[in-house]
Amino acid sequence: MIKPDLIQIFKKTFDTIKIPRTFFAPGRINLIGEHTDYNGGHVFPASISLGTYALGLKRSDQKLRFYSMNFPQAGMIECDLSNLDYNETHNWANYPKGMLLYLQKSGYEFSSGADILFYGDIPNSAGLSSSASIEMASGVLLEGLFDLKIDRVKMIQLGQKVENEYIGVNSGIMDQFAIGMGKKDHAILLNCQTLDYEYAPLALKDHVIQIINTNKQRTLAGSKYNERREQCDQALIDLQTELSINSLGDFTKEEFDQYKHLIRDETNQKRAKHAVYENVRTLEALDKLREGDLKAFGKLMNESHLSLQHDYEVTGTELDTIVQAAWDQDGVLGARMTGAGFGGCAIAIVEKDKVENFKKNVNAIYHKAIGYDATFYTATIGDGAKEITREVLK
Ligand code: GLA
């Protein structure tokens, strides 16, 4: 994909001849371990080459000016360093504002305002974490422009805090972590309780990861995301009446089956079952990948989708249709929804030589059932958020 000349656009937008510094934060896919992060379990995401570019220059006054090429209708959004409160009319710019405010609250000092331009090539509301990508792009940009030394895990945690407290989505740590710590050609196995992590090479031999966008948009704020979280919290409270556990991630499958009767509500029991079983599947998946057993890895992905469909109930017709269509194709080792669900993207591990047929067939089935096309991208696993040079921009 040809990128627009971001530096020229920056100069024109902010009417300057100075050259801004450029930063990039990727989006992410999650291979397996869905809705486990806020349940004290493991996740297995990877950062992708699609993401958010942030270009910035410090100003000499206290003003902040934000412009996004993805939301031109929102125009130039302006505010002052002394008032970074959430403001509905500031639209998408609440993400960088939130990062700035939470960094300020953590003791980091900003001597002046800044002009900042954003451009993202990651589809919005597609489950690839465009919002965490803007947060982390803002984080590395502010760190760079103002010469701060911010511990990366601290920046990740602040990103999550912005999402939870400032934006109002009760999401876990996975997205910011995957984006902040991503590594080229690797996935990250993260223990969301301890934040211990390890990188695993994504050696897929003659296979690639296809990202399939259902083009059914969803926003976490408007979805059942927070409700799922509350259901799991309630299940844990019920279990804690007799057991001394910190989170659903503490259980083996056998232990859970032995004690699940303590969860009073049947729906909450299903939600908790998914969280426990999915966590176990995620650890198994890491082993299978390390052993080079891609077939077994794919099977775990399929089981993950079925659990998200039937026990967690976060898939919906579009995702189920597309994943079923993927399962039915030649050369597919596994497929599942990725991210929060309720629309957005699925991923599939597909034999390289079969990719063209895969896309054609899956889209035909999807279009017939749903009435519009899906979009396909081949995932390239890249590095986490960082400053980039002008050469990379070309
Ligand atoms: C969203 C959230 C993550 C995680 C996933 C589901 O992407 O931001 O924290 O909970 O959903 O696994």
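Take the conditions (1) of a type in the set (D, E); (2) more than 20 Å from G316 (Cβ to Cβ); (3) within 14 Å of the ligand (Cβ to nearest atom); (4) within 20 Å of the chain's Cα centre (by Cα); D233 misses just one of them, which is (4). Restricting attention to the range 185-207, the residues being polar (S, T, N, Q) and part of a strand (DSSP E or B) number 1. Residues of the range 352-363 include none that is touching a residue at least 40 places away in the same chain (Cβ under 8 Å), within 19 Å of N30 (Cα to Cα), among the hydrophobic types (A, V, I, L, M, F, W, C) and in contact with a strand residue (DSSP E or B) (Cβ under 9 Å, 6 or more places away or on another chain). When only residues in the range 126-150 that are of a type in the set (D, E, K, R) and farther than 16 Å from Q160 by Cβ count, which is farthest from the chain's Cα centre (by Cα)? Ranking the qualifying residues of the range 126-150, first place goes to D147. I150 meets the conditions (1) surrounded by fewer than 24 Cβ atoms within 10 Å (Cβ to Cβ); (2) among the aliphatic types (A, V, I, L, M); (3) within 16 Å of the ligand (Cβ to nearest atom); (4) over 25 Å from G75 (Cβ atoms) in every case but one. The failed one is (3). With respect to S125, is the statement that it is among the polar types (S, T, N, Q) and at pLDDT below 95 true? Against the criterion (among the polar types (S, T, N, Q) and at pLDDT below 95), S125 qualifies.
Of all residues in the range 67-116, those satisfying the criterion of being within 22 Å of Q157 (Cβ to Cβ) and touching a Lys or Arg at 6+ places or on another chain (Cβ under 6 Å) are L84, Y102.
Residues in the range 128-147 that are within 10 Å of the ligand (Cβ to nearest atom) and either in contact with a Lys or Arg (Cβ under 6 Å, 6 or more places away or on another chain) or of a type in the set (K, R) (or both): S129 alone. Of the residues making up the range 364-379, those that are modelled with pLDDT of 95 or more and outside any strand (DSSP E or B) are A364, I365, Y366, H367, K368, A369, I370, G371, Y372, D373, A374.
Among the conditions (1) of a type in the set (D, E); (2) within 16 Å of the ligand (Cβ to nearest atom); (3) over 29 Å from K354 (Cβ atoms); (4) at pLDDT 95 or above, E227 misses just one, which is (4). Helices (runs of 4 or more DSSP H) fully within the range 263-363 that include at least 1 residues being among the aliphatic types (A, V, I, L, M) and within 12 Å of Q210 (Cβ to Cβ): 317-327. All conditions but one from (1) in a strand (DSSP E or B); (2) within 16 Å of the ligand (Cβ to nearest atom) apply to I156; the one that does not is (1).
Being farther than 26 Å from Y225 by Cβ, of a type outside the set (K, R) and either at pLDDT 95 or above or within 14 Å of the ligand (Cβ to nearest atom) (or both) is a description that does not apply to E163. For first residues located in the range 237-252 and farther than 14 Å from D37 by Cα, partners that are exposed (fewer than 13 other Cβ atoms within 10 Å of the Cβ) and lie 6+ apart or on another chain with Cβ distances below 7 Å form the pairs D238/R264. For the range 330-369, which positions are under 19 Å from T315 (Cβ atoms), of a type in the set (A, V, I, L, M) and within 25 Å of the chain's Cα centre (by Cα)? Passing the criteria: V332, A335, M337, A340, A346, I347, A348, I349, V362.
Restricting the first member to the range 173-184 and to residues that are over 13 Å from I29 (Cα atoms) and part of a helix (DSSP H, G or I), and the second to residues that are within 13 Å of the ligand (Cβ to nearest atom) and modelled with pLDDT under 95, no beta-carbon pair is closer than 9 Å while six or more apart or on different chains. Over 30 Å from Q157 (Cβ atoms) and among the aliphatic types (A, V, I, L, M), is that true of I48? Against the criterion (over 30 Å from Q157 (Cβ atoms) and among the aliphatic types (A, V, I, L, M)), I48 does not qualify.
The values are calculated or read from the model by the stated rules, or taken from the named source; none is laboratory data. Quick caveat: nothing in here was measured; it's all calculated off a predicted structure. In this analysis, Cβ positions are derived from the backbone assuming ideal geometry, glycine residues included, and neighbour counts consider all displayed protein chains.
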